[in-house]
2 protein chains.
Amino acid sequence: MSKLKMLKRTLISETVSNVGQIVLIKGFVRIRRDHGKLIFLDVRDRSGFIQVVVNPKISEKAYASGQELKPEFVVEILGKVNKRPVGTINKDLSTGEVEIEATEITILSKSETLPFGTGGNELNLELPTLLDHRSLTLRHPKVAEIFQVQAKILEGFRKAAEELDCTEIVVPTIVVGATEGGAELFEVKYYDHKAYLSQSPQLYKQMMVPVFERVWTIAHAYRAEPSVTTRHLAETTQLDFEIGFVTFEELLNLLEKVAVRMLKHVQDSCSYVDKVEFDKIPRLTLREAQGIIFKEFGRDNRKEKDLTPQDEIDICMWAKKKHKSDLVTITHFPTLAKPFYIMPDPKDPEYSFSYDLLFKGVEILSGGQRVSDYDKLVKAIKDRGMKVDAFEMYLMAFKYGMPPEGGFSFGLERITMKLLNLSNIREASLFPRDMERVDERL
Amino acid sequence: MSKLKMLKRTLISETVSNVGQIVLIKGFVRIRRDHGKLIFLDVRDRSGFIQVVVNPKISEKAYASGQELKPEFVVEILGKVNKRPVGTINKDLSTGEVEIEATEITILSKSETLPFGTGGNELNLELPTLLDHRSLTLRHPKVAEIFQVQAKILEGFRKAAEELDCTEIVVPTIVVGATEGGAELFEVKYYDHKAYLSQSPQLYKQMMVPVFERVWTIAHAYRAEPSVTTRHLAETTQLDFEIGFVTFEELLNLLEKVAVRMLKHVQDSCSYVDKVEFDKIPRLTLREAQGIIFKEFGRDNRKEKDLTPQDEIDICMWAKKKHKSDLVTITHFPTLAKPFYIMPDPKDPEYSFSYDLLFKGVEILSGGQRVSDYDKLVKAIKDRGMKVDAFEMYLMAFKYGMPPEGGFSFGLERITMKLLNLSNIREASLFPRDMERVDERL
């Protein structure tokens with residue numbers, strides 16, 4: 001039996017503390033370079049990358065295997081960890097001071113010749129090509145990094161939830177009726193009935209406030225957007241909080257606290273993410289923001305019911321310049337432009353206790369204080385021309401006692417996109433769904 | 001301004017360390033009892049329950065408010081924390097040695113008279129009533145407990161994932177085609193196309209193995225089960241792992257390790273959950289299990305391709321009696337009874353490297369070692385009469401190098417159901433979906 005079968009695997013990141021030892025690594029060939037009689041391999045596993053030298057003088061057999069190798073071959077390599085010669089140290093690599101001298105190479109799985117080069121630091125493919133070959137392109141380190149960041153956003157969100165004493169809930173995605181009164185619903189053939197895919201966990205998380213008071217959920221949300229933009233997907237991931245016994249002011253403090261907690265966690269975990277500034281997040285009402293845009297950027301949108309995409313970019317530039325903040329909170333959108341469950345500001349009911357959080361020019365969060373009074377809620381539903389009957393179970397929660405409450409919802413893919421300065425939200429979803437694509441092009 | 005508005009809220013669980021102090025609590029009236037000239041309230045918040053005494057001699061005004069109160073009213077109560085008289089200590093309650101003497105009561109939200117009594121330790125409603133009034137019945141402590149346990153299962157699963165160095169992935173639920181070859185798919189009207197709701201994150205998590213090597217996801221899974229049973233739902237939650245560079249034996253060790261880690265976490269967090277025994281989990285092949293059932297229970301199912309529901313109950317009883325284990329692992333189901341991606345046992349290809357984990361008479365996990373060779377995978381798809389074209393992106397992952405790998409998937413609602421000895425899986429889902437119900441009855 002070969003030595004290879006008897007040794008325990010060493011992760012690539014652990015090789016640096018095994019100089020002079022024989023180790024067994026397992027991973028993927030990332031790059032193969034031939035230099036005269038030597039073969040150099042870059043090998044990756046889940047912990048990192050390392051250079052492997054295949055020298056026929058060390059092992060003829062390993063060299064013969066080495067000559068077969070191409071990118072994405074899966075291998076087990078037995079070899080000695082050596083310090084690299086001084087001039088060849090790679091400072092960009094955490095294992096850059098060592099290399100493995102191969103004594104045995106076993107090919108676990110072969111790869112066909114790749115349809116494009118993947119050896120560069122960037123992948124540089126057009127979006128359709130990137131997505132057509134998704135199960136291959138995700139392996140490129142720069143692409144994989146996006147989803148390491150995404151995993152850290154999720155982890156940071158959960159850490160915030162734990163610190164705020166919130167309980168996780170699991171909410172369904174199959175619903176009856178257009179609960180938020182919007183169009184753009186995907187219809188599901190549900191046995192002999194019509195159902196829809198949920199636009200958000202909103203109504204369910206509200207129903208859970210009297211149960212656990214503070215709840216969170218990570219939920220899929222579906223919108224049949226009839227257009228193709230760089231910042232919309234048909235299936236997205238929402239990170240949601242809903243909190244009882246709070247005021248509007250407390251909600252603003254909470255959402256900013258959670259956002260900062262989450263972003264800090266990502267920055268602490270992923271050194272390659274650009275530094276985000278968020279010492280003091282400016283808060284503006286919609287009308288104040290529009291006033292600034294008029295004054296500073298010359299566009300008069302002061303009667304509009306929302307910021308335009310360009311407004312969002314500009315007000316973020318303003319916040320960055322004036323307040324050194326990559327985040328800005330916008331409050332008080334017009335009541336009738338918001339869903340029925342958002343509470344009007346009692347001092348000026350034309351505007352609502354709603355808020356968005358903008359990050360580098362894009363809305364990454366929205367939410368508000370909720371209408372918690374049953375009669376007002378019924379009226380708000382009727383005012384929007386919706387049927388009260390469709391909300392029977394939801395309204396029941398308000399009929400039997402509901403504290404003042406509110407919440408907010410982050411868009412996972414949007415945060416990912418902006419943290420990494422991606423130009424299209426499709427790059428921030430492992431397997432993006434839109435009008436034109438469900439894995440394959442439609 | 002009243003004192004009430006100036007004090008910071010005290011959580012009910014914190015009152016025990018505030019004896020003699022004036023505190024402000026916020027919560028829901030659970031029960032009101034009138035004893036002569038005194039009103040006793042049981043009040044709950046997210047941290048627990050406490051008894052409040054409303055005495056007209058202390059405050060006429062508080063007493064007047066107290067007389068208005070009914071179950072589920074939302075209140076703020078200002079009062080003094082007193083030690084209870086010795087004979088009235090409630091040992092079943094963590095705050096049972098204290099009570100609050102109310103000096104001010106503010107009603108934040110009123111409740112209509114409840115359609116059924118909720119004051120008992122058990123709710124004791126028929127299932128349809130329980131679900132018709134879901135947003136109310138979830139508030140009952142015994143019902144809420146189910147979902148505290150569920151949150152702890154999820155947390156325990158994530159702790160195991162973290163300890164195993166796995167990366168979280170987000171997989172889509174809208175898919176094209178019946179990826180697992182099964183029927184029972186929900187059809188979605190996807191723009192001008194037909195799409196379906198995913199039966200499992202299986203193919204996506206496998207595609208991610210070459211990216212992160214070890215991945216996990218918590219995903220919704222959909223099955224249009226045409227029948228109504230006590231252990232099937234149309235929308236369920238799966239807890240999934242997929243791991244590269246593993247053998248079948250290692251997978252069995254891993255799944256048992258994760259299951260035990262998760263169940264232990266729940267037991268450490270929730271004292272009211274029955275103790276689970278799992279020192280040494282017995283492992284049986286399907287045929288061995290059927291042999292035991294024949295010998296011990298007299299039913300000859302030795303040629304069947306799976307355990308029957310009664311077999312699952314009986315083999316768990318056997319494992320409990322013989323091995324003091326509430327868990328039992330069953331391996332080697334017939335290859336053709338399993339999906340195409342499950343690897344046949346090379347020593348006896350009629351049977352496969354598949355496994356189920358049974359817990360108290362029900363399967364709570366299934367999985368297997370995967371076919372990682374491209375040609376074998378294509379053949380397995382064709383052998384089952386499916387179209388290779390439908391798996392283009394999935395197969396791409398195998399064309400470009402795939403290590404030996406495998407994984408498993410837990411059913412969240414089933415674990416919840418069995419941990420709490422619930423008789424119907426609908427009780428283990430906040431808002432269960434089945435043939436007959438999507439919140440309201442269909």
Cα-centre dipole for the stretch B:135-441 with unit charges at Cβ (Lys and Arg positive, Asp and Glu negative), debye to 20: 520 debye
Average Cα contact separation per residue, the stretch B:257-379, under 8 Å, 6 or more apart, as relative contact order %: 21 percent
Inter-copy separations for residue A:192, label at 7 Å along Cα-Cβ, nm, ascending: 3.3
For residue A:229, inter-copy label distances in nm, listed shortest first [label point 7 Å out on the Cα-Cβ vector]: 4.5
Likely footprinting exposure, B:207, B:343, B:396, fewest C-beta neighbours within 10 Å first: B:396, B:343, B:207
Antiparallel DSSP beta bridges within chain A, percent to nearest 5: 90 percent
Average projection area in nm² (convex hull over Cα atoms of the stretch A:135-441, one quarter of hull surface): 16.6 nm²
For the protein assembly as shown: span of alpha carbons on each principal axis (Å, largest first): 97, 84, 55
Dipole in debye (nearest 20) - the stretch B:301-442, about Cα centre, beta carbon charges: Lys, Arg +1; Asp, Glu -1: 300 debye
Förster-model FRET efficiency, 30 Å R0, residue B:88 and residue B:113, C-beta, rounded to 0.05: 0.55
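State to the nearest 20 debye the size of the charge dipole of the protein assembly as shown about its Cα centre, where the only charges are +1 on K and R beta carbons and -1 on D and E beta carbons.
1360 debye
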Angstrom value of the Kirkwood radius, inverse mean 1/r, which spans all Cα pairs in the stretch B:145-255: 15.7 Å
Relative contact order of chain A, defined on C-alpha pairs under 8 angstrom at six or more residues apart (%): 12 percent
Proximal charge balance of residue A:308 [Cβ under 10 Å; K/R count +1, D/E count -1]: -4
Leading residue at positive end of dipole, chain A (Cβ point charges), from A:337, A:388, A:172: A:172
Residue and distance (whole Å) for the chain B Cβ nearest the axis that superposes B on A: B:188, 3
Alpha carbon convex hull of the stretch A:70-216, projected area averaged over orientations, nm²: 16.2 nm²
Neighbouring partner chain Cβ atoms per residue of B:155-161, average, 10 Å criterion: 1
Spatially proximal aspartates and glutamates relative to residue B:26 (Cα-Cα < 16 Å; intrachain offsets below 8 disregarded): A:165, A:213, A:250, A:405, B:14, B:42, B:45, B:72, B:76, B:99, B:101, B:104
Residue order, fewest to most surrounding Cβ atoms within 10 angstrom, among A:321, A:91, A:257: A:91, A:321, A:257
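Is there a simple number for the mean count of other chain Cβ atoms within 10 Å of the Cβ of residues in A:215-223, and what is it?
2
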Distances in nm from residue A:8 to the matching label points in the other copies, shortest first (labels 7 Å along Cα to Cβ): 4.8
Neighbour-count ranking [beta-carbon atoms within 10 angstrom, fewest first] of B:318, B:216: B:318, B:216
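Using the Kirkwood radius over C-alpha pairs as Rh, can you work out the diffusion coefficient of the stretch A:263-394 via Stokes-Einstein at 20 °C, viscosity 1.002 mPa s, in µm² per second?
Value of D from the Cα-based Kirkwood radius: 131 µm²/s.
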Neighbouring partner chain Cβ atoms per residue of A:398-408, average, 10 Å criterion: 6
Radius ratio Rg over Rh of the stretch B:3-109, counting only Cα atoms, Kirkwood formula for Rh: 0.92
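No lab work stands behind these numbers, since they all come straight from the coordinates. Remember, predicted model here, so these are calculated numbers, not experimental data. All Cβ positions, glycine included, derive from the backbone under ideal geometry; neighbour counts span all protein chains shown.
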